[in-house]
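**Q** Below is the structure I would like to discuss, written out as structure tokens.
The values are calculated or read from the model by the stated rules, or taken from the named source; none is laboratory data. Please read all numbers here as calculations on a predicted model, not as lab measurements. Backbone-built Cβ (ideal geometry, glycine too); neighbour counts: all protein chains shown. Accessible surface is based on the protein model in full, side chains and every heavy atom, while ligands, DNA and RNA are left aside. Shrake-Rupley method; radii C 1.70, N 1.55, O 1.52, S 1.80 Å.
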Amino acid sequence: MKKIIFALGLLFPVQICLSQKITVKAHSVVGYGQYTEFAQKAFKALELVLNSDEFREGIKTMKAEKTQGYTPEKLYEIIMQAKEKTVPTDSTATDGIVDLWVRTLDVNGRDSKWKDNCENPSIFGNQTIGIDGAGDGFMAICPSALEHWASTNDIAALAGHYAHEYMHVLGFDHYRLISSQSWRERTFVYKVGYLVRDLVKKMNSASP
Ligand SMILES: [Zn+2]
């Protein structure tokens with residue numbers, strides 16, 4: 001009997017690994033107010049996409065700039081290992097879990113330098129506004145972008161934003177001395193964000 005229980009114990013973790021490779025864990029959601037539930041849907045959508053074959057294929061066939069010289073196979077492995085490089089002070093992240101801390105930008109307070117940026121309507125199509133320059137381990141978002149995406153129930157855009165910012169957390173960037181938006185959009189960080197956004201859209205249109 002003991003042997004059977006032992007064997008079952010060995011089997012179950014393997015089965016769990018096969019069905020789900022990675023978990024998304026939101027440790028804290030600050031300043032989201034009434035949009036907290038909307039964010040929870042985006043975390044779930046991000047998790048589903050990260051575990052999908054389409055995502056794996058998308059990464060493995062991606063041609064991107066700023067990959068730190070890694071092969072597509074290695075890039076996929078890096079994402080799935082989920083070893084965060086920056087986490088908030090006094091917080092701990094677990095490898096193999098996408099650990100997230102998210103907040104809204106306090107545009108009338110300590111994040112006032114983002115105010116003009118956040119109030120520019122062009123950001124609504126741009127999932128990238130946020131952490132670049134904040135660097136406190138929290139993924140920060142313009143309140144106006146969050147509000148816009150929530151009002152249009154654009155879970156895909158928010159999930160894409162988290163994916164983009166998470167690539168920064170894993171140590172990737174999209175900096176170049178002279179760069180245009182079209183160049184940035186060819187970088188790994190941007191492309192992963194767009195891949196996640198597009199796969200969430202596809203997933204949501206497939207299920208009624
Ligand atoms: Zn960025």
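**Q** Using a 7 Å offset from the Cα along the Cα-to-Cβ direction at both T94 and R176, what is the distance between the two label points in nm, to one decimal?
**A** Between T94 and R176, the label points sit 3.9 nm apart.
**Q** Check which residues have an amide H placed less than 5 Å from A140's amide H, if you skip close sequence neighbours.
**A** When sequence neighbours closer than 5 places are left aside, the close amide H contacts are R103, I131.
**Q** Go through the range 60-72 residue by residue and turn each phi into a ³J(HN,Hα) via Karplus (6.51, -1.76, 1.60, θ = phi - 60°); whole Hz please, and just put x for glycine and proline.
**A** 6, 10, 6, 10, 9, 8, 6, 9, 6, x, 6, 6, x
**Q** Residue by residue, what Karplus-based ³J(HN,Hα) values in Hz, rounded to whole numbers, does the range 101-112 have, using 6.51, -1.76 and 1.60 with θ = phi - 60° and x for Gly and Pro?
**A** 10, 10, 8, 8, 6, 8, 5, 9, x, 5, 9, 4
**Q** Residue by residue, what Karplus-based ³J(HN,Hα) values in Hz, rounded to whole numbers, does the range 25-42 have, using 6.51, -1.76 and 1.60 with θ = phi - 60° and x for Gly and Pro?
**A** After applying 6.51 cos²θ - 1.76 cosθ + 1.60, I find 10, 8, 6, 8, 10, 10, x, 7, x, 5, 9, 4, 5, 4, 4, 4, 5, 5 Hz.
**Q** Using 0.36 nm times the number of residues separating D136 and L48, minus their current alpha carbon distance, what extension gain do you get?
**A** Gain on stretching D136 to L48: 29.0 nm.
**Q** Need one value: the accessible area of D173 in square angstrom, 1.4 angstrom probe, rounded to the nearest 10.
**A** Spelled out: D173, probe radius 1.4 Å, area about 50 Å².
**Q** Report, by chain and number, residues whose modeled amide H sits under 5 Å from the one on D111, excluding near sequence neighbours (fewer than 5 apart, same chain).
**A** Here D106 satisfy the definition.
**Q** Can you tell me the length gained on complete extension of the stretch R186 to A206, counting 0.36 nm per residue apart and subtracting the Cα distance?
**A** Extending this stretch completely gives an extra 4.5 nm.
**Q** For the range 21-206, go through all pairs of different Cα atoms, get the mean of 1/r, take its inverse, and jot down that Kirkwood value in Å.
**A** This gives a value of 16.5 Å.
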